[in-house]
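Structure first, then comments.
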Amino acid sequence: MSIQDIIVVGGGIGGTMTANNLVAKLYPEIRAGKARVSLISNNPWHYYKPAFMYVAFGMFYKNELRRPLHSLLRPEVNLLLDEVEGFDFKASRLRLGSGNDHRYDYLVVSTGCIPSPERIPGLQEAGDHFYQHDPAMQLYRKLSTIESGRIFIGVTFPKTANVPHQCGIAPMETTLMLDDFLRRRGVREKIEILYTYPTVAQLLRNCLFLQRPVGEALPSVFASKDIRYQRGFTLARVDPETKVAHSEEGESVEFDILMQTPPIRAVDAVLASGVSQAANDEGWLPTDRDTLQLEGFPNTFVMGDTVDLPISKAGGSCHNQSPVICDNIAGLMRVGDTVATYDGKVQAIAQMGLEAGMPLWYDYDSDVIPTPATKIGGLMRKAFNRGVYWSVARGLI
Amino acid sequence: MVNAVSDSLAALYQSLKQFNADVRKDRRLAVPPADSVTVHSAQCGSRLTLDARIEGNRIREIGYRVRACALGQATTAIVARRAPGLDAAALRRVGAQLQAILAGCATQCEWPEMEMFTLIKSVPSRHGSAMLPFHALEQLFDRASVLQPDGLRLSVPRRDIEGARNS
């Protein structure tokens, strides 16, 4: 009997925990030499990506937020440091940068997404974001030296209907963190913070957050901190010379720092696979909402940022998708059918300022119910940032 | 007055979430015997693949794959519940009523669920998404009428379906 090859592509949180979870799930088959789990990543480091937003406030440093990928993987995982350059889903083959060609029996695509500020004219030159390490460091340098003026916060959604931006809560989190950060620096009174939210197709109406209950709670939170807010500002272009942000709705606002959640897209190899039907060449893979299989390719599963689900592109989504995918691969191998269903569950602890936190969860049917931010919530988030996360990546919890 | 509008929006939000849950899981029909079209709204990127088995100028069965904003999901869910058994004329009538509601020219529809969309008239960029199932049905009846020359044709005026087009 030939060995069943299961390949996970992507060394982020989704791929890492799924490779570990697959080994746990398929341990009898692996021990018997009937199955092999491989992880392909183009980076020897695993980054705790949510920590990038702390980098923007000088609270996390590079060597604190990354670990060697191999140190997080169970010994049974076959780690391949290589670049997947082509997905041939029809033939169940991967083309790698090293020139190797890999056949697989089951595939998990967890390749994340790429911030693409260049998709909005002027944003690359004049805007800042915290979704990668180097841009977050650049933002930190600005936030730690600005003495007066306006910090403009904006959010860009994908054009694909019902697909949210990366980490739905992050713009709100960083707005509150920014307020605390500037107060600590003693410059808050001279700096105006303006939080804006776009008019986007995903929303039922114009609001301050994607989900209605949180959107309704935000004005009083912002008002208590003297944070200005504005609905209906969809960033269309930025003038780097004059530092003016122009909206699709026809408004123009001057800024000193533009903190903009940028457009995002799938990685090149996923874009080139030709399977996506997403708008604006964004590349999200058509994913079965229940089984997480790639539509039309039952031996391929998609998770994390690469899906086209109406679910936050965040590690809290991966945490709930990973067991479903592992169960379904085991089901296909053992009984010939999928056996688990994803309910859209996502959970996180939102950072509400530098010290407070708010546990949250939602799924396909239920919205986040906002609760008061507390110190104990902040401690939970710190515990997750500094320790618990690495156990999650290892598939231990 | 402000509270009344806010309460109505809250009710609309809840209604949409319930309808959206109905069509979250794709329900596809075998083609043939069913026929299938894909339409999308260029303005918001909403996309709908609608399958229908039409016999004797009546919808016998509906299938769908919805990747649309909340409005397109909700109207597809309502159409999927209501359309089986109806003919092109009946669906044309309801499509026109929904269009009038979205345009702010009417508040009533023979399918009462559609009346919640009176609150959406101020969001024209979403109207194309809401009309997607009717635009798809128009095309499906057009095709069926070629095979069944005596069939009535469903014709929601294309010019009024903002951004909707065949993909």
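Filter segment A:203-220 down to residues that are modelled with pLDDT under 60 and crowded, with 20+ Cβ neighbours inside 10 Å and give me whichever is farthest from the other protein chains (Cβ to nearest Cβ).
The qualifying residue farthest from the other protein chains (Cβ to nearest Cβ) is A:LEU203.
Is segment A:23-33 home to any residue that is closer than 20 Å to A:VAL267 by Cα and not assigned by TED's automatic domain parsing to the domain that holds A:GLN132?
No.
If you go through segment B:36-57 one residue at a time, how many are more than 16 Å from the chain's Cα centre (by Cα), surrounded by fewer than 20 Cβ atoms within 10 Å (Cβ to Cβ) and under 17 Å from B:LEU91 (Cα atoms)?
3
If you scan segment A:261-293, which residues turn out to be surrounded by fewer than 24 Cβ atoms within 10 Å (Cβ to Cβ), part of a strand (DSSP E or B) and touching a residue at least 60 places away in the same chain (Cβ under 8 Å)?
A:ARG265
Of the conditions (1) within 14 Å of another protein chain (Cβ to nearest Cβ); (2) over 21 Å from A:TYR362 (Cα atoms); (3) within 21 Å of the chain's Cα centre (by Cα), A:GLY232 clears all except one; give me its number.
(3)
Only one of B:GLN43, B:GLN99, B:GLN18 is closer than 18 Å to B:VAL123 by Cα, facing chain A (nearest Cβ under 9 Å) and outside any strand (DSSP E or B); which?
B:GLN43
Report yes if A:PRO298 is over 21 Å from the mean Cα position of the chain (by Cα) and modelled with pLDDT under 95, otherwise no.
No; evaluated as a whole, the condition is false for this residue.
Return the pairs, sorted by first residue and then second, in which the second residue is in a helix (DSSP H, G or I) and among the acidic types (Asp, Glu), the first residue lies in segment B:127-147 and is closer than 19 Å to B:CYS44 by Cβ, the beta carbons are less than 9 Å apart, and the residues are 6+ apart or on different chains.
Filtered contacts from segment B:127-147: B:HIS127/B:ASP160; B:MET131/B:ASP160.
Please go through segment A:82-97 and pick out each residue that is under 23 Å from the mean Cα position of the chain (by Cα) and of a type in the set (Asp, Glu).
A:ASP82, A:GLU83, A:GLU85
Mind counting the residues in segment B:8-33 that are within 16 Å of the chain's Cα centre (by Cα) and of a type in the set (Phe, Trp, Tyr)?
The qualifying residues number 1.
Quick check: anything in segment A:327-348 within 28 Å of A:ARG183 (Cα to Cα) and more than 14 Å from chain B (Cβ to nearest Cβ)? Give the derivation first.
Our first condition is that a residue be within 28 Å of A:ARG183 (Cα to Cα); within segment A:327-348, this holds for A:348.
Pick out the ones that are also more than 14 Å from chain B (Cβ to nearest Cβ) and you get A:348.
Within segment A:327-348, one or more residues are within 28 Å of A:ARG183 (Cα to Cα) and more than 14 Å from chain B (Cβ to nearest Cβ).
Can you name the residue in segment A:344-397 that is among the aliphatic types (A, V, I, L, M), buried (at least 16 other Cβ atoms within 10 Å of the Cβ) and over 25 Å from A:ARG67 (Cα atoms) and is also modelled with the lowest pLDDT among such residues?
Out of the qualifying residues, it is A:VAL368.
Across segment B:50-81, what is the total count of residues that are in contact (Cβ under 8 Å) with a residue 40 or more places away in the chain, within 14 Å of chain A (Cβ to nearest Cβ) and more than 22 Å from B:LEU102 (Cα to Cα)?
Result for segment B:50-81: 1.
Output the number of the condition that A:GLN4 fails; it satisfies all remaining conditions of (1) crowded, with 22+ Cβ neighbours inside 10 Å; (2) more than 16 Å from A:VAL392 (Cα to Cα); (3) in contact with a strand residue (DSSP E or B) (Cβ under 7 Å, 6 or more places away or on another chain); (4) touching a residue at least 60 places away in the same chain (Cβ under 8 Å).
Checking A:GLN4 against (1) crowded, with 22+ Cβ neighbours inside 10 Å; (2) more than 16 Å from A:VAL392 (Cα to Cα); (3) in contact with a strand residue (DSSP E or B) (Cβ under 7 Å, 6 or more places away or on another chain); (4) touching a residue at least 60 places away in the same chain (Cβ under 8 Å), the one that fails is (1).
Go through segment B:109-145 residue by residue and tally those that are assigned to a helix (DSSP H, G or I), within 19 Å of B:GLU61 (Cα to Cα) and out of contact with any strand residue (DSSP E or B) (no Cβ under 8 Å at 6 or more places or on another chain). Before the answer, list the steps.
First, pick out the residues of segment B:109-145 that are assigned to a helix (DSSP H, G or I): B:112-120, B:124-130, B:132-145.
Checking the rest, the ones that are also within 19 Å of B:GLU61 (Cα to Cα) come to B:132-145.
Cutting the leftovers down to out of contact with any strand residue (DSSP E or B) (no Cβ under 8 Å at 6 or more places or on another chain) gives us B:134, B:138, B:142, B:145.
Going through segment B:109-145 one residue at a time, the tally reaches 4.
The values are calculated or read from the model by the stated rules, or taken from the named source; none is laboratory data. Remember, it's a predicted structure, so these values are computed and weren't measured experimentally. Cβ: placed from backbone, ideal geometry, glycine included. Neighbour counts: every protein chain shown.
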